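Only one structure is covered here, and it is reproduced in the block below.
The values are calculated or read from the model by the stated rules, or taken from the named source; none is laboratory data. Predicted, not measured: the structure shown is a model, and the values here were computed from it. No Cβ is skipped: glycine too gets one built from the backbone with ideal geometry, and neighbour counts run over all protein chains shown. For the accessible areas, the whole protein counts, side chains as well, though only heavy atoms, and no ligand, DNA or RNA atoms are used. Shrake-Rupley method; radii C 1.70, N 1.55, O 1.52, S 1.80 Å.
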Amino acid sequence: MKIADMKNALLAGELNARLTEVYGADAVAAQQARYAKALDEFAALYGADRDVSLFSVSGRSELSGNHTDHNYGCVVAAAIDLDIIAVASANEENIIRVKSEGFDEDVVDIAAYTAPDPAKFASSASIIAGMSAQFVQNGLCTGGFDAYTTSA
C-alpha cells in the first residue's frame, strides 16, 4: 500500500482493530500518531511514492543471561509492553538501509558482503550483513529494502 493510502487508512481508523489487539483500546490514538509520524519520516528519507508495510516487534528484557543467547548460552527473557515499529519497503537494489530514530542510518550492500569485517564488529550494520549472509548460506532469497524504525 502506498504511504499516503496507509496513513489515510491508519488515521481513518481502519487499523484500529489491530492496534487495539497489540496495544489495548486506551492506546489507539497515541499509536495512530506514532505510526503516522513513522510513515512521515520514512517518506522524507526514502520517498513518498513507495509501497510500504508496517511491523511491530515487542521489546524484551533479559532477566538473566544478558547477551549469552547468541553465544549458545541460556537466557531468561520476558516480553515487555514496549516495542519497535518499522515502516519498510523493498527496493530494487541489493542494499539494506535501516534508519532508527535518533541514530545514524545503517547501509549494507548485501551483494558485496563476503566475510565479517572486524572494523564493523558490534555495529548494527554488521548484524544486518551477517544475518543476510546466513540467509544466503541457507539457500534463502535476500533482497534490498529501506526501513525506518522507532521504539517506545
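Things worth noting here:
- Looking across segment 103-114, the residues that are at pLDDT below 90 and either among the β-branched types (Val, Ile, Thr) or loosely packed, with under 15 Cβ neighbours inside 10 Å (or both) come down to Ile110, Ala111, Ala112, Thr114.
- Qualifying residue in segment 61-75 (condition: within 28 Å of Leu19 (Cβ to Cβ), in a loop (DSSP other than H, G, I, E, B) and not hydrophobic (A, V, I, L, M, F, W, C)): no
- Single residue of Ala86, Ala48, Ala147, Ala38 found to be at pLDDT 95 or above, under 30 Å from Gly24 (Cα atoms) and in a helix (DSSP H, G or I): Ala38
- Residues that are open to solvent by 40 Å² or more (accessible area, probe 1.4 Å) and in contact (Cβ under 8 Å) with a residue 12 or more places away in the chain within segment 82-102 comprise Leu82, Ile84, Ala90, Glu92, Glu93, Asn94, Arg97, Lys99, Glu101, listed in sequence order.
- The residue that is farthest from Ser89 (Cα to Cα), counting only those in segment 115-152 that are surrounded by 15 or more Cβ atoms within 10 Å (Cβ to Cβ) and in contact (Cβ under 8 Å) with a residue 60 or more places away in the chain, is Thr150.
- Test result for Tyr23, of a type in the set (Phe, Trp, Tyr), more than 20 Å from the chain's Cα centre (by Cα) and either more than 17 Å from Glu101 (Cβ to Cβ) or open to solvent by 50 Å² or more (accessible area, probe 1.4 Å) (or both): no
- Out of Asp40, Asp49, sole residue that is among the acidic types (Asp, Glu), out of contact with any strand residue (DSSP E or B) (no Cβ under 6 Å at 6 or more places or on another chain) and surrounded by 14 or more Cβ atoms within 10 Å (Cβ to Cβ): Asp40
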